[in-house]
Each structure stands twice: as structure tokens, then as C-alpha cells.
Amino acid sequence: MDSKKREELYEAMYYEPLENKLVRCTLCPRYCVIPPGKRGFCRCRENIDGKLYAINYGKVCSAAVDPIEKKPLYHFYPGSLTFSIATGGC
């Protein structure tokens, strides 16, 4: 990967470096062990030279305004609206 492209990526949180540039993603219960140049099950986190990058960081694929009653917070401020966003892999 060229350096310009790498500068645009965001290093992920919630992972552990392993031997031989492998990484273990700890974001979800799958605990993917990802070899260099590959992505985890979610296809949103990629191992580049032993570091895990969130390739979907800052890339919204869905945005919606909904009544609070549609959310698990239905009892919190009844009658109000919520703003929800999602990225690939959510």
C-alpha cells in the first residue's frame, strides 16, 4: 500500500499485535486473527504490516432521523427524535 493511501486510514482500536505481524481483533466476540494483507470477518478491519486499520472509519453508509420509540431508549424523552448513523460492518 502506498504511503498516501495509508495516511488516509485510521488505526483501529481494540486489537492485539501477535507474532509474525498477525493481529487479533478484539472488537467483537469473533476475535479474528488476521494475517498481514487480509481483513477480518466483518471486512472492515485490515491488517497492514502488523497494524490493524479501520477501513470504514468516517464513511457513513446510512443516516436517519427516527422517533425515540423505535430505539431501545423508547422510555427516554418520549416523543423526541433520534439521529442514527451506521458504517459498513455495523
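Every number here is computed from the coordinates shown, using simple stated rules; none is lab data. Everything numeric in this text was worked out from a predicted model, so none of it was measured. Reconstructed Cβ throughout: ideal geometry from the backbone, glycine too, with neighbour counts over all protein chains shown.
Brief remarks on what is shown
- A cut-off of 5 Å between modelled amide H atoms, ignoring neighbours fewer than 5 places along the same chain, links residue 18 with 23, 24.
- Simple label model, 7 Å out from Cα along Cβ direction - residue 16 to residue 71, nm: 3.4
- Cleavage-rule hits, GluC sites (Glu not before Pro), the stretch 1-84, DSSP coil, Cβ neighbours within 10 Å at most 16: 8
- Cα-based convex hull, the stretch 3-54, per residue volume (Å³, whole number): 65
- Hydrodynamic analysis of the chain uses the Kirkwood radius over alpha carbon pairs. Inserted into Stokes-Einstein at 37 °C and 0.692 mPa s, it gives a translational diffusion coefficient of 220 µm²/s.
- By the beta-carbon count within 10 Å of each Cβ, the least crowded to most crowded order of 45, 39, fewest first, is 39, 45.
- Neighbours of residue 83 by Cβ distance under 13 Å: Lys/Arg scored +1, Asp/Glu scored -1, total +1.
- Residues 25, 61, 42, 32 in ascending order of nearby Cβ atoms (within 10 Å, fewest first): 61, 42, 32, 25.
- Proxy reagent accessibility, fewest Cβ within 10 Å first, across 27, 81, 9: 81, 9, 27
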